[in-house]
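Structure record follows, encoded as structure tokens.
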There are 2 protein chains.
Amino acid sequence: MKTRFDLDQQELPKAWYNVLADLNRPLKPPLDPRTNEPIAPEALAALFPTTCIEQEAATDRFIDIPEPVLDVYRRWRPTPLHRAVHLERALDTSAHIYFKYEGASPTGSHKTNTAVAQAYYNGAEGVRHLVTETGAGQWGSALSFACQTFGLDCTVYMVRISYEQKPYRKTMIQSFGAEIFPSPSERTAAGRAILAEDPASPGSLGIAISEAIEEAVRGEATKYSLGSVLNHVLLHQTVIGLEAEQQMELAGEDPDVIVGCVGGGSNFAGLALPFFHTAAKESRPTRFVAAEPHVCPTLTAGETRYDFGDTAQTTPLLWMHTLGHDFVPPPIHAGGLRYHGMAPIITHLVEDGVIEPVAFDQLDVFESAILFARAEGILPAPETAHAVHAAVRIARDCAAKDEKKVILIGFSGHGHFDMSAYAAYLDGELVTAPARGGSTAQLGESRLFC
Amino acid sequence: MKTRFDLDQQELPKAWYNVLADLNRPLKPPLDPRTNEPIAPEALAALFPTTCIEQEAATDRFIDIPEPVLDVYRRWRPTPLHRAVHLERALDTSAHIYFKYEGASPTGSHKTNTAVAQAYYNGAEGVRHLVTETGAGQWGSALSFACQTFGLDCTVYMVRISYEQKPYRKTMIQSFGAEIFPSPSERTAAGRAILAEDPASPGSLGIAISEAIEEAVRGEATKYSLGSVLNHVLLHQTVIGLEAEQQMELAGEDPDVIVGCVGGGSNFAGLALPFFHTAAKESRPTRFVAAEPHVCPTLTAGETRYDFGDTAQTTPLLWMHTLGHDFVPPPIHAGGLRYHGMAPIITHLVEDGVIEPVAFDQLDVFESAILFARAEGILPAPETAHAVHAAVRIARDCAAKDEKKVILIGFSGHGHFDMSAYAAYLDGELVTAPARGGSTAQLGESRLFC
């Protein structure tokens, strides 16, 4: 039986899909915190290159991918789409399970899709140095690789808990020529303020973003780069879903349920948005399920309001699901999902009932990760394992009801740099983290029926 | 410019290439150490399944790959062939450099090619448990994955120095459901004998093989599995070269030089042997360069004679290059190249002057590994980095002479589980290991001219 659906290099999408062209109402605009008025594009110019700022508000349905970006994508794209038949057998399910494998990228995750685009646009506009933050290290690896490719310097602030849990991500980032610091650090006012209050702070993406922005703003020919949340980042990720649509066609099936994990929302959006577009056009009842950790339940227990993207309140205000910009999530292993906020596009689609959020405990998540690894031979990243667990839950439900559903997993990355988490799980040292709010588990239960 | 040459799944080779059909004289046979006579196939039946024993001496030029093995191969094969244009630019060389990327396999190296075949053949003959040794952990990971795939139990003895340097390989092996022990261990008479002499022994592949064989022989429905050296193992690896031949044709070039790293010899053979066959048929002057560590200089400074494959003298005697079955190499990071012996097929072709061995210091090797990573975005395993370094040396020589050569690298695996080695290198803690014998560096020098 054919279980892998490859595309030719000629079938690599030449344009990204821009969902802003197809929303039923416009997104609430980002606000300038000084005036509470919609922020002017010029106000973002200290942080981002012009092209990315334009893409934040673009209304064209498709936006051409520059040729130099395609050239780099072609080193590993199109990525494979697999049918997980061995997982299906292990679950004894009538469901068909597919996964789109972004672990094939040089740094092992989807993050390179936007890193390459951002490094290219910055370089083309004369920027020589990019500063960023990273959680689990996937984004920092991707941007350091992209900067190296286009000849830019790169500085990474890595959330301290991940810096300590995953020292080899630091080594990978250094191998690609970037400099890296644990955050909070003494290098910035934002970092020093946090350390003054809590010298043992495990850090958070919100804090690391503040530090990166501070360094970017004070540097010459230096800009900031964000690995998720913003519209242009989600745009660059749609290459995933555009490929997957062609590959599901090769497989001869339409997905009934698309599942992904959400931290800031970019990998989930990258897979889901092109399918959302097609499903709307063809009135297909596709379900979109977004999985998050129950200790950082941005979508399942957060408020929907304007909030800052960072702890030091230096970003524009974004309309989003948020746990509060000062929320510091517990040190779980899925570092990439430890973010207080959410991409405004995802928030919008959750408000509209298009995307269904669920929250899981990391112990359950790792159980499914091991099940997947033994069946399919690939170790998921802890973040990705949330998506895998959602698929396992749905497939088990299908088995119980003898229903056939087609499930498509956004497999955002491999877990080669997260083996300390697997070691802890296998040694019985991984604990159930206390949930914030009590309702998330039930929410997950009720929504996952096949 | 096209820099990646992919094959369709339909182009996956359906048969392995058996070089025994094309050697100018027969290999010297393995001997029974009790009689010094050629060993009878039955004497190997305690260790290996019948099909693998038959393949040891088969004379058909092509041997069909069983359909269930092809099914597993198709999860990641055909693997990509890349042209390393960014490395070429970094070296400012007139050489064209290609690499065949075996890091695309589930466990990150070529080892899965034979692991899957061996697990299949054993399972088909009623074996329920395989025991093996592993150096850097690539082989142990591959066999644990393969055993999981075909429903066999798996036990791995891992050389202690690698077990300690690379704890995450252990975690990966456990994630695939195998049990793993550091070697020398107290579990076997062979291990206890070594520990009695040297309680701090870093271990060696020779010792770990002795322990694995001892456990395999005493177990019920249990056999032993070897990840290199033997003819049937090299046979299974030829899928690499058979794919690469088709891919070089797509690229429109013939390799002038094929480089690979050698520990036991299987990845190098897997790439080189099909090209050797074609080059001989078409009288093409292809060069075959085998790179090894200068602290374990089996080909460049070892003797050619009959020797045991393991320390406890339990294997048949093989005619091979050897540093002596009791040789314990220094604890360098390329754990997969720390073996005292060599595949008899490789020894044969070195004796005939077909394969040219070179030896390198690990500091030089890591310098090239970082150069490669920054140019191409992929971190080579320390073993693979020996092949990369050989290619870099040849390409630099081409640049100096303004000669155009086409170099093909056997890229045996990625370095995601070797980041402690990269960390040591980047932190300046990696040292030049003292060479055994003084002549290997010069040998390398003189043979690498473009």
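Considering only residues that are part of a helix (DSSP H, G or I), open to solvent by 40 Å² or more (accessible area, probe 1.4 Å) and in contact (Cβ under 8 Å) with a residue 40 or more places away in the chain, which ones fall in the range B:25-50? If the condition is that a residue be part of a helix (DSSP H, G or I), open to solvent by 40 Å² or more (accessible area, probe 1.4 Å) and in contact (Cβ under 8 Å) with a residue 40 or more places away in the chain, then B:Ala43, B:Thr50 are the ones that fit. Here A:Thr171 passes the criteria (1) open to solvent by less than 20 Å² (accessible area, probe 1.4 Å); (2) in contact (Cβ under 8 Å) with a residue 24 or more places away in the chain; (3) of a type outside the set (Phe, Trp, Tyr) except the one numbered (2). The set of residues in the range A:376-416 being within 14 Å of another protein chain (Cβ to nearest Cβ), aliphatic (A, V, I, L, M) and open to solvent by 10 Å² or more (accessible area, probe 1.4 Å) consists of A:Ile378 alone.
Residue-by-condition table, conditions (1) over 23 Å from A:Leu230 (Cα atoms); (2) in a strand (DSSP E or B):
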| residue | (1), (2) |
| --- | --- |
| A:Asp60 | no, no |
| A:Val72 | no, no |
| A:Thr79 | yes, no |
| A:Tyr98 | yes, yes |
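For the range A:317-372, a residue qualifies if it is of a type in the set (S, T, N, Q) and under 20 Å from A:Glu164 (Cβ atoms), and exactly one does: A:Gln362. The helices (runs of 4 or more DSSP H) found entirely in the range B:378-450 that carry 2 or more residues being at pLDDT 90 or above and touching a Gly at 6+ places or on another chain (Cβ under 8 Å) are B:382-401, B:419-426. Scanning the range A:159-176 turns up one or more residues that are within 14 Å of another protein chain (Cβ to nearest Cβ), among the hydroxyl-bearing types (Ser, Thr, Tyr), within 24 Å of the chain's Cα centre (by Cα) and within 16 Å of A:Thr132 (Cβ to Cβ). Does the range A:130-184 hold any residues that are modelled with pLDDT under 95 and among the aliphatic types (A, V, I, L, M), and which are they? Of everything in the range A:130-184, those that are modelled with pLDDT under 95 and among the aliphatic types (A, V, I, L, M) turn out to be A:Ala136, A:Val159, A:Ile161. If you go through the range B:350-393 and keep only what is within 30 Å of B:Glu303 (Cα to Cα) and in contact with a Lys or Arg (Cβ under 7 Å, 6 or more places away or on another chain), you end up with B:Glu356, B:Val358.
Exactly one residue among A:Val156, A:Val127, A:Val131 is in a loop (DSSP other than H, G, I, E, B), β-branched (Val, Ile, Thr) and either open to solvent by 20 Å² or more (accessible area, probe 1.4 Å) or in contact (Cβ under 8 Å) with a residue 12 or more places away in the chain (or both), and that residue is A:Val127. For the range B:83-94, the set of residues classified as part of a loop (DSSP other than H, G, I, E, B) and surrounded by 24 or more Cβ atoms within 10 Å (Cβ to Cβ) consists of B:Ala84, B:Thr93, listed by residue number.
In this structure, is B:Gly108 in contact (Cβ under 8 Å) with a residue 60 or more places away in the chain, within 14 Å of chain A (Cβ to nearest Cβ) and crowded, with 24+ Cβ neighbours inside 10 Å? Yes.
Picking from residues in the range B:4-19 that are touching a His at 6+ places or on another chain (Cβ under 9 Å), more than 14 Å from every other protein chain (Cβ to nearest Cβ) and in a strand (DSSP E or B), the one that is farthest from B:Ala272 (Cα to Cα) is B:Trp16.
Of the residues B:Gly191, B:Gly206, the single one that is modelled with pLDDT under 95, in a helix (DSSP H, G or I) and not β-branched (Val, Ile, Thr) is B:Gly206. Could you tell me whether any residue of the range A:345-356 is modelled with pLDDT of 95 or more, within 14 Å of another protein chain (Cβ to nearest Cβ) and outside any strand (DSSP E or B)? Checking the range A:345-356: not a single residue is modelled with pLDDT of 95 or more, within 14 Å of another protein chain (Cβ to nearest Cβ) and outside any strand (DSSP E or B). Among the residues that make up the range A:111-124, is at least one of them part of a strand (DSSP E or B) and surrounded by 24 or more Cβ atoms within 10 Å (Cβ to Cβ)? Within the range A:111-124 (the criterion being part of a strand (DSSP E or B) and surrounded by 24 or more Cβ atoms within 10 Å (Cβ to Cβ)), the answer is no, since none of the residues qualifies. All conditions in (1) over 30 Å from A:Glu403 (Cα atoms); (2) away from every other protein chain (no Cβ under 11 Å); (3) touching a Lys or Arg at 6+ places or on another chain (Cβ under 7 Å) hold for A:Tyr98, with the sole exception of (1).
Exactly one residue out of A:Ala95, A:Ala90, A:Ala21, A:Ala58 is touching a Cys at 6+ places or on another chain (Cβ under 7 Å) and at pLDDT 95 or above, and it is A:Ala95.
Each residue in the range B:228-241 was checked for being in a helix (DSSP H, G or I) and crowded, with 24+ Cβ neighbours inside 10 Å, and 9 pass. Looking at the range B:62-82, can you tell me whether even one residue there is hydroxyl-bearing (Ser, Thr, Tyr) and open to solvent by 20 Å² or more (accessible area, probe 1.4 Å)? No, there is no match, as no residue in the range B:62-82 is hydroxyl-bearing (Ser, Thr, Tyr) and open to solvent by 20 Å² or more (accessible area, probe 1.4 Å). Before we move on, is A:His340 open to solvent by less than 10 Å² (accessible area, probe 1.4 Å) and touching a Gly at 6+ places or on another chain (Cβ under 7 Å)? So A:His340 passes the test. Out of all the residues in the range A:251-274, which are farther than 24 Å from A:Trp139 by Cβ and either charged (D, E, K, R) or not in a loop (DSSP other than H, G, I, E, B) (or both)? Selection gives A:Ala251, A:Glu253, A:Asp254, A:Asp256, A:Val257. Only one of the numbered conditions (1) in a loop (DSSP other than H, G, I, E, B); (2) touching a helix residue (DSSP H, G or I) at 6+ places or on another chain (Cβ under 8 Å); (3) surrounded by 23 or more Cβ atoms within 10 Å (Cβ to Cβ); (4) not acidic (Asp, Glu) is not met by B:Val289, and that is (1). In the range B:140-153, the residue that is nearest to B:Lys170 (Cα to Cα) out of those that are open to solvent by 10 Å² or more (accessible area, probe 1.4 Å) and more than 10 Å from chain A (Cβ to nearest Cβ) is B:Asp153. Report the residue count in the range A:258-277 for those that are open to solvent by 20 Å² or more (accessible area, probe 1.4 Å) and either within 25 Å of A:Ile207 (Cα to Cα) or free of Cβ contacts under 8 Å to residues at least 60 places away in the same chain (or both). The total comes to 0. Within the range A:318-328, not a single residue is away from chain B (no Cβ under 14 Å) and within 15 Å of A:Glu383 (Cβ to Cβ). For the structure I just gave you, tell me whether B:Asp22 is touching a residue at least 12 places away in the same chain (Cβ under 8 Å), within 14 Å of another protein chain (Cβ to nearest Cβ) and open to solvent by 30 Å² or more (accessible area, probe 1.4 Å). It is false that B:Asp22 is touching a residue at least 12 places away in the same chain (Cβ under 8 Å), within 14 Å of another protein chain (Cβ to nearest Cβ) and open to solvent by 30 Å² or more (accessible area, probe 1.4 Å).
The values are calculated or read from the model by the stated rules, or taken from the named source; none is laboratory data. Every value quoted in this text rests on a predicted model; they were computed, and no experiment measured them. Note that each Cβ is placed from the backbone with ideal geometry, even for glycine, and that neighbours are counted across all protein chains shown. These accessible areas exclude ligands, DNA and RNA; they are computed on the full protein's heavy atoms, side chains included. Shrake-Rupley method; radii C 1.70, N 1.55, O 1.52, S 1.80 Å.
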